[in-house]
1. Of all helices (runs of 4 or more DSSP H) completely enclosed by region 183-288, which ones contain at least 1 residues that are touching a strand residue (DSSP E or B) at 6+ places or on another chain (Cβ under 8 Å) and open to solvent by 30 Å² or more (accessible area, probe 1.4 Å)?
2. Tell me which helices (runs of 4 or more DSSP H) are completely within region 326-432 and hold 3 or more residues being over 30 Å from residue 110 (Cα atoms) and at pLDDT 95 or above, or say none if there are none.
3. Find the residue count for region 11-63, including only residues that are of a type outside the set (Val, Ile, Thr), surrounded by 15 or more Cβ atoms within 10 Å (Cβ to Cβ), over 19 Å from residue 384 (Cα atoms) and within 18 Å of the chain's Cα centre (by Cα).
4. Can you name the condition, by its number, that residue 454 falls short on among (1) open to solvent by less than 70 Å² (accessible area, probe 1.4 Å); (2) touching a residue at least 60 places away in the same chain (Cβ under 8 Å)?
5. Within region 64-85, does at least one residue satisfy the condition of being open to solvent by 20 Å² or more (accessible area, probe 1.4 Å), charged (D, E, K, R) and in contact with a helix residue (DSSP H, G or I) (Cβ under 9 Å, 6 or more places away or on another chain)?
6. Of everything in region 347-373 that's small (Gly, Ala, Ser) and surrounded by 13 or more Cβ atoms within 10 Å (Cβ to Cβ), which residue is farthest from residue 454 (Cα to Cα)?
7. Do you know which residues across region 125-135 are in a loop (DSSP other than H, G, I, E, B) and modelled with pLDDT of 90 or more?
8. Being free of Cβ contacts under 8 Å to residues at least 24 places away in the same chain and among the polar types (S, T, N, Q) is the filter here, so list the residues in region 219-246 that pass it.
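The values are calculated or read from the model by the stated rules, or taken from the named source; none is laboratory data. Note that this is a predicted model, so its numbers are computed, not measured. In this analysis, Cβ positions are derived from the backbone assuming ideal geometry, glycine residues included, and neighbour counts consider all displayed protein chains. Accessible surface areas use protein heavy atoms only, side chains included; no ligands, DNA or RNA. Shrake-Rupley method; radii C 1.70, N 1.55, O 1.52, S 1.80 Å.
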Amino acid sequence: MRPVDAAWLAAYRVLFGVALGVSMQRFLAYGWVDELLVSPRYRFHYWGFEWVEPLSRGHMHALFWGLSALGLAMAAGLAYRVTAPLFALGLTYIQLIDVSTYLNHYYLAALLAWLFAASPAGRAYSVDAWLGQRLRRRANGPAPPQVALAWLALFRTQIAVVYVFASIAKAQPDWLVHGQPLGIWLGASTDLPALGRLFTLPGVPLAMSWAGFLYDATIVLWLSMKRTRPWAFLVVLTFHTLTRALFDIGMFPVIMTASALVFFPPSWPRDMVSWVRARARLAPPAPPVAVSTPGESPARVTTVQRLALGLGLAYCVFQVAMPLRTFLYGGNVLWHEQGMRFSWRVMVRAKGGSTTFLVKSKATGKVWHVSPRRYLTPYQENEMSGQPDLILQLAHSIGEDFALREGPVEVRVEALSSLNARRGAALVDPAVDLLTVRDGLAPARWIAPSPPGPPPPIRPVL
């Protein structure tokens, strides 16, 4: 339980709190609260969270205003032990409302919010610390606030897991051999100033695909070494600036850029302030601050600390196991989607298609062709069209709806989906009555095999 300077955790808290506070305001400003959470008549639910429903429109808007304020209060370290858990709880709630709104960076934000809530991140650079609630003083003056080294290891592990599994997700032919789906997306960005014409050149999508793979696979290593760390962070800034310009991925680049700072020495904020003051000739550089006294006996590890270490280790094991579960299913996860969520498969597939449900009365044999638009918003329909478990969920709801009026029915589906520009193929076995199927952890035999062959070659945009 060796202590280290708490400055790194406090600075990370400030950056994270501001970024998420701004993110909540973006949801309000762009109308996403209404579009994604309030307006839909139907909602896709996570297992065990079918009871989660949105508040009324006014209350949902008030919630986002409150979350924005809580994020900024976290950043300021104001009543941290209250504001941080409330923020994490609210952020988790809005993500549980509808599965179709799942994004990897929303999931990461929620995980980090809970880690911050559990951590002593309000111990430095905070209103609480300024009020004297957590300051420790020694005879020779105030000592810098400290946190256990385990917290640094935990946050570093969380960020490393994201990068490592993102690289594993890219280690497949579509990405490394055919440059897809990046070729599709870059083809839609040719009007971008300065860079747009570059995307029309042959080989550029494949080269950028490899650059993205190598970045994810190695950036943690370069950030972890003292000699390469400054240059690696410059690469982080460049990479996320480019991704923000090319793709509408919200605050994710900001969060990941701030997260890269956890690989710097724990005292980096204090060292940076000292360096700036020295350059401005405001004060001489402060000497390095020792976090322990030579000859001092190590503190005895308490039962509570052992329990905390055990929980931290269990959390790390869980974060590694969740992405690995994908490999238990076999096949192409980009097609069947089992194990796709919570596994950091960031932007590795482009899917689109059309779905029609066929409802047949068991009594009369009458067949109805049901469009999902009767139940879903355009956004939900687009998300559902490539995710078999969401198709199954809606099929059961449609079956229940028709059964109330027509008696017992069967529900089959004609679902055509295109993966990374391939020709559309059946995503779900059209012969299967989906009302006889229950979603679960076992491999889904009712999902059709993925289409064989590579995606079509990328044609340069003229």
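1. Working: elements: 204-224, 229-246, 252-259, 268-279.
Those helices (runs of 4 or more DSSP H) span 268-279.
2. Working: elements: 333-336, 378-384, 388-406.
Output list reads 388-406.
3. 11
4. (1)
5. Step one: filter region 64-85 for residues open to solvent by 20 Å² or more (accessible area, probe 1.4 Å), giving 65-66, 69-70, 72, 76, 78-79, 81-82, 85.
Still in the running and charged (D, E, K, R): 81.
Next, from what is left, pick out any that are in contact with a helix residue (DSSP H, G or I) (Cβ under 9 Å, 6 or more places away or on another chain): 81.
For region 64-85, residues open to solvent by 20 Å² or more (accessible area, probe 1.4 Å), charged (D, E, K, R) and in contact with a helix residue (DSSP H, G or I) (Cβ under 9 Å, 6 or more places away or on another chain): present.
6. First pass over region 347-373, keeping only residues small (Gly, Ala, Ser): 350, 352-354, 361, 363, 365, 371.
Then keep just the ones that are surrounded by 13 or more Cβ atoms within 10 Å (Cβ to Cβ); that gives 350, 352-354, 361.
Values: 350: 14, 352: 17, 353: 18, 354: 21, 361: 40 Å.
Residue satisfying both the conditions and the ranking: 361.
7. Of the residues in region 125-135, the ones in a loop (DSSP other than H, G, I, E, B) are 125-126, 131-135.
Correct list: 125, 126.
8. 228, 238, 241, 243
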